[in-house]
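Before any comments, here is the structure.
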Amino acid sequence: MHRPPAQNPKAIIGKAGRLTSDLKAGEVATANIGAEDFTVTGSSDLSSGTLVRVKDIQGLRLIVEKAES
């Protein structure tokens, strides 16, 4: 029996959250987005606590960038 996904994975694109660990460019970190922790990566170094926005999804990783204040 095939079940549809509980949530559209692409729906998280554009959502904001905060890094819960330091992110080094091209490596992985964690971020809390929508009350859940996710594995994230990005193209720049960002420190824990930085407000980020989800730019894209690659597999099970979210691609984030620094959010504009």
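Miscellaneous remarks
- Residue in the stretch 11-28 that is modelled with pLDDT of 90 or more and hydroxyl-bearing (S, T, Y) present: yes
- The single residue among S44, S21 that is open to solvent by 20 Å² or more (accessible area, probe 1.4 Å) and touching an Asp or Glu at 6+ places or on another chain (Cβ under 8 Å) turns out to be S44.
- Per the conditions (1) of a type in the set (V, I, T); (2) modelled with pLDDT under 95; (3) touching a Leu at 6+ places or on another chain (Cβ under 7 Å), the sole criterion not satisfied by V52 is (2).
- Of all residues in the stretch 47-69, those satisfying the criterion of being more than 12 Å from T20 (Cβ to Cβ), loosely packed, with under 11 Cβ neighbours inside 10 Å and not charged (D, E, K, R) are Q58, G59, L60, S69.
- One residue stands out among those in the stretch 28-48 that are part of a strand (DSSP E or B) and more than 12 Å from V64 (Cβ to Cβ): the one that is nearest to the chain's Cα centre (by Cα), which is D37.
The values are calculated or read from the model by the stated rules, or taken from the named source; none is laboratory data. Not measured: the values here are computed from a predicted model. Because the Cβ atoms are built from the backbone with ideal geometry, glycine has one as well, and the counts that use them run over all protein chains shown. Keep in mind that these areas ignore ligands, DNA and RNA; they rest on the heavy atoms of the full protein, side chains included. Shrake-Rupley method; radii C 1.70, N 1.55, O 1.52, S 1.80 Å.
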